[in-house]
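The values are calculated or read from the model by the stated rules, or taken from the named source; none is laboratory data. Remember, predicted model here, so these are calculated numbers, not experimental data. We place every Cβ from the backbone using ideal geometry, glycine too, and count neighbours over all the protein chains shown.
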Amino acid sequence: MPYDYQLLIKNIFNAPIYFDPNQEIVYRGEKRFTYATFKRRVHKLAHMLTSLGVKAGDTVAVMDYDSHRYLECYFAVPMIGAVLHTINIRLSPEQILYTIDHAEDDVLLCHADFLPILEQIKGRMDVDKIVLLSDDGTLPQTHVPLVGEYENLLEGNSDFYFFPEFSENTRATTFYTTGTTGMPKGVYFTHRQLVLHTLGTLATLGSSPTQNFKQYDVYMPITPMFHVHAWGLPYVATMLGVKQVYPGRYVPDLLLELIVKEKVTFSHCVPTIMHMLFNAPKINDVDLKGWKVIIGGAALPKAMCQEALRRGIDMFTGYGMSETCPILTLAQLTPEMLLLDDVAQSEIRTKTGRPMGLVEIRVVDEQMNPLPQDGVSTGEIVVRSPWLTQGYFKDQKNSEALWQGSYLHTGDMANMDERGYIKITDRVKDIIKVGGEWVSSLELEDIINQHPSVKEVAVIGIHDDRWGERPLALVVVDVPKKDEQSEKSILSHAKEFIKKGIMARESMLLKIQFVESIDKTSVGKIDKKSLRQKYGA
Ligand code: AMP
């Protein structure tokens, strides 16, 4: 009988480089494991979970920083047929309680730092088996009933677990995305989807001569492991068998230190984190040349990309969303494009990118007709690929809206040029309508960001009696520069671009307001919903 090989997460371990005994998994520069030890720990963890009563189909939740333990859960939990629920530790306690209940979690692994959150909800949550994750093994003072500490519970278990075969369409992971309205919505991915996403990402990142991720790179994620499996890249890194560095809680100076000491060559993060690193005290003491970084989760500002290129960082855009596993596009350059100067390169690197292998992307009008690939015609991105969530967990109504017309609707507005590079101009909900014309808040932000005294900017639409809406730029600058003079200077800088025809003329109605800081979402993106509530009127 031929063997019906299923695309299961356990088979990610079947890669030649994986047997290299010297490859390491490093936690905060403090703990080191070889891949052989990592594999043994995954087997032990499977025993530990099953002895806690976890069965196929149960759900195991994790609240941790980016760690070797999280990586072990990425494998052991789905490999026993259970579902891994990666809890967003930045949600409010009430939202966390909602996601724990909604996902029907059976066991919860929780870092000591998050026990105070559980203290607040403990009487009301259904999970009664809570495992402590501790960096130093000490048991903190807590009223949360714990079944034990991770390392203690691992110890003594056999380092061989017979991982069963089952259908590749078994659910492997779930997590919650905070939309603009209502409670968080659960998305979910199967073994097959995660394996195909791993292969698709490997093929697109691995086969390119530039902006790639290959064997002998050193990997460190700087997008949280609770958010869309850290973009699925820990699975890619494990299949490649590269050295992996997990930084724990994000502390800018520690991140920079790890990049240098562990010789990290490949990372990914949202622009806010990169902004934090560029403003860290140690930034000018470290050489980041050769570091490849995908920026995603929000548009990569040109000013940031140019600063990165000046520092020798190979920065480029990736695009996706919680619903899409996540990667859909990457802005890799062709060899000819690499001959261009930094400014010209940053134009391409900050585009949203070209679709990855196996991803079908369309930019469509409201009737779902594809728009011309002319780099101008703007419509919604709809998508098909093997790794998109098939719906929102236990939420028929929103699932149907997501999959209207059998394409997944991203809610992102974009255009596509003749070479297949997509450029997102806005979220459907964020686009500003001035006198009937669309003004892209992202493009305005990009221009204002290039002004030397601007540290951060967010553009929203505010009500205007005559025009319906007009753009308001909320700008963070250095304190001494916060005066009328700099307001004028930023406005005339923006208007220069507008006059050159780069922006719609309606953007001339731009207003500037200086603010101390810009609200962020739980995953570090600009929170336009909150900004509209504060400043929209
Ligand atoms: P999330 O589900 O929280 O990861 O958010 C997904 C959303 O982030 C997308 O629908 C986009 O609106 C936005 N996003 C992600 N990547 C990019 C990008 N490269 N450029 C612009 N927006 C992006």
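Results, tabulated for the structure shown:
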{"quantity": "Residues of region 462-478 classified as small (Gly, Ala, Ser) and at pLDDT 90 or above, total", "calculated": "1"}
{"quantity": "Test: residue in region 312-329 that is farther than 27 Å from ILE381 by Cα and more than 15 Å from the ligand (Cβ to nearest atom)", "calculated": "yes"}
{"quantity": "Some residue of region 223-240 being at positive phi and modelled with pLDDT under 95", "calculated": "no"}
{"quantity": "Options ILE518, ILE490, ILE460, ILE526; residue that is of a type in the set (Val, Ile, Thr), in contact (Cβ under 8 Å) with a residue 40 or more places away in the chain, surrounded by 18 or more Cβ atoms within 10 Å (Cβ to Cβ) and farther than 29 Å from HIS268 by Cα", "calculated": "ILE490"}
{"quantity": "Candidate set from region 12-50 (those that are of a type in the set (S, T, N, Q) and at pLDDT below 95); member that is surrounded by the fewest Cβ atoms within 10 Å (Cβ to Cβ)", "calculated": "ASN22"}
{"quantity": "Close pairs from region 121-136: first on the phi < 0 side of the Ramachandran plot, partner in a strand (DSSP E or B) and surrounded by fewer than 17 Cβ atoms within 10 Å (Cβ to Cβ), Cβ under 9 Å, at least 6 apart", "calculated": "VAL131/GLY148; LEU132/GLY148; ASP135/LYS31"}
{"quantity": "Residues that are of a type in the set (A, V, I, L, M, F, W, C), in contact (Cβ under 8 Å) with a residue 40 or more places away in the chain and either surrounded by 22 or more Cβ atoms within 10 Å (Cβ to Cβ) or in a strand (DSSP E or B) (or both), drawn from region 81-102", "calculated": "VAL83, LEU84, ILE87"}
{"quantity": "Residue identified as within 15 Å of the ligand (Cβ to nearest atom) and within 21 Å of the chain's Cα centre (by Cα) among GLY411, GLY379", "calculated": "GLY411"}
{"quantity": "Residue in region 138-149 that is modelled with pLDDT of 95 or more, surrounded by 17 or more Cβ atoms within 10 Å (Cβ to Cβ) and of a type in the set (Gly, Ala, Ser) present", "calculated": "no"}
{"quantity": "So LYS282, is it surrounded by fewer than 23 Cβ atoms within 10 Å (Cβ to Cβ), away from the ligand (no atom under 16 Å from the Cβ), over 16 Å from the mean Cα position of the chain (by Cα) and at negative phi", "calculated": "yes"}
{"quantity": "Boolean, LYS528 is within 16 Å of the ligand (Cβ to nearest atom) and either among the aliphatic types (A, V, I, L, M) or within 28 Å of PHE278 (Cα to Cα) (or both)", "calculated": "yes"}
{"quantity": "Candidates GLN373, GLN306, GLN345, filtered to the one that is away from the ligand (no atom under 15 Å from the Cβ), surrounded by fewer than 17 Cβ atoms within 10 Å (Cβ to Cβ) and modelled with pLDDT of 95 or more", "calculated": "GLN373"}
{"quantity": "Test: residue in region 132-149 that is within 22 Å of SER522 (Cβ to Cβ), assigned to a loop (DSSP other than H, G, I, E, B) and among the polar types (S, T, N, Q)", "calculated": "no"}
{"quantity": "Some residue of region 152-160 being in a helix (DSSP H, G or I), at pLDDT 95 or above and either surrounded by 15 or more Cβ atoms within 10 Å (Cβ to Cβ) or of a type in the set (A, V, I, L, M, F, W, C) (or both)", "calculated": "yes"}
